[in-house]
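Student: Sharing a structure below in structure tokens format, with a few things to ask.
The values are calculated or read from the model by the stated rules, or taken from the named source; none is laboratory data. Owing to the predicted nature of the structure, the values given are computational and were not obtained by experimental measurement. Cβ placement follows ideal geometry from the backbone for every residue including glycine, while neighbour counts extend to all protein chains displayed.
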């Protein structure tokens, strides 16, 4: 009888030891896993804080640069004479502030009808008779290139045919060469005489899609 009682007590003691051991092992494993998770979270939060500090520092630099940019722009457009010798407040072909002159020189949108209108005005001002202004209106294909992160000039080819005397034809060619908007004359054909001359010309001008101001997001891992 005493042997059985001792056996029961020993079994209970062994069971307690096993239970305590299992609990201790669980606590150790739980502590290790929790510690690893907390350390990982702490490291992640430190990376997030560092990234936010960098973003705030860059933002402060950009804000400081803004005032300098505004001052420089105001000085650029506030001159008494623009960069091509015109009056900023006038309405002549060379007039307008410098910002307008730059936009006219290299438009940010593809607009072939506007180009034709500009060419008509340029040709008429040189006292020549317009025979034809031709080209391909590629607005559908160009509509996907109206903005870009790294814009590059895109060519707009056209052809013109005009008649006039030698002097007016010469003045017209000089006008293309001195225009604020860039023109590349590719071919020229002259026929007729000094008083009645025909000029057939193929050329191209350009537009440059506007630059996209993109605020990006960064995932901190």
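Student: Within segment 133-148, is there a residue that is assigned by TED's automatic domain parsing to the domain that holds residue 177, in contact with a helix residue (DSSP H, G or I) (Cβ under 7 Å, 6 or more places away or on another chain), in a helix (DSSP H, G or I) and closer than 27 Å to residue 176 by Cα?
Tutor: yes
Student: Another question about this same structure. Can you tell me which residue within segment 178-203, out of those that are surrounded by fewer than 16 Cβ atoms within 10 Å (Cβ to Cβ) and under 29 Å from the mean Cα position of the chain (by Cα), is nearest to residue 103 (Cα to Cα)?
Tutor: Within segment 178-203, the match that is nearest to residue 103 (Cα to Cα) is 182.
Student: Does residue 77 qualify as being within 24 Å of the chain's Cα centre (by Cα) and either in contact (Cβ under 8 Å) with a residue 40 or more places away in the chain or surrounded by 10 or more Cβ atoms within 10 Å (Cβ to Cβ) (or both)?
Tutor: Yes.
Student: Kindly indicate whether any position in segment 113-127 is part of a loop (DSSP other than H, G, I, E, B), assigned by TED's automatic domain parsing to the domain that holds residue 178 and in contact with a helix residue (DSSP H, G or I) (Cβ under 8 Å, 6 or more places away or on another chain).
Tutor: Checked segment 113-127: at least one residue is part of a loop (DSSP other than H, G, I, E, B), assigned by TED's automatic domain parsing to the domain that holds residue 178 and in contact with a helix residue (DSSP H, G or I) (Cβ under 8 Å, 6 or more places away or on another chain).
Student: Another question, if that's okay. List, please: which pairs have Cβ atoms under 6 Å, are six or more places apart or on different chains, and start with a residue in segment 116-134 that is on the phi > 0 side of the Ramachandran plot and end with one that is part of a helix (DSSP H, G or I) and crowded, with 16+ Cβ neighbours inside 10 Å?
Tutor: Taking only residues 6 or more apart or on different chains, the pairs are 127/168.
Student: Answer with yes or no whether residue 117 is at pLDDT 85 or above, under 30 Å from residue 193 (Cα atoms) and exposed (fewer than 14 other Cβ atoms within 10 Å of the Cβ).
Tutor: So residue 117 passes the test.
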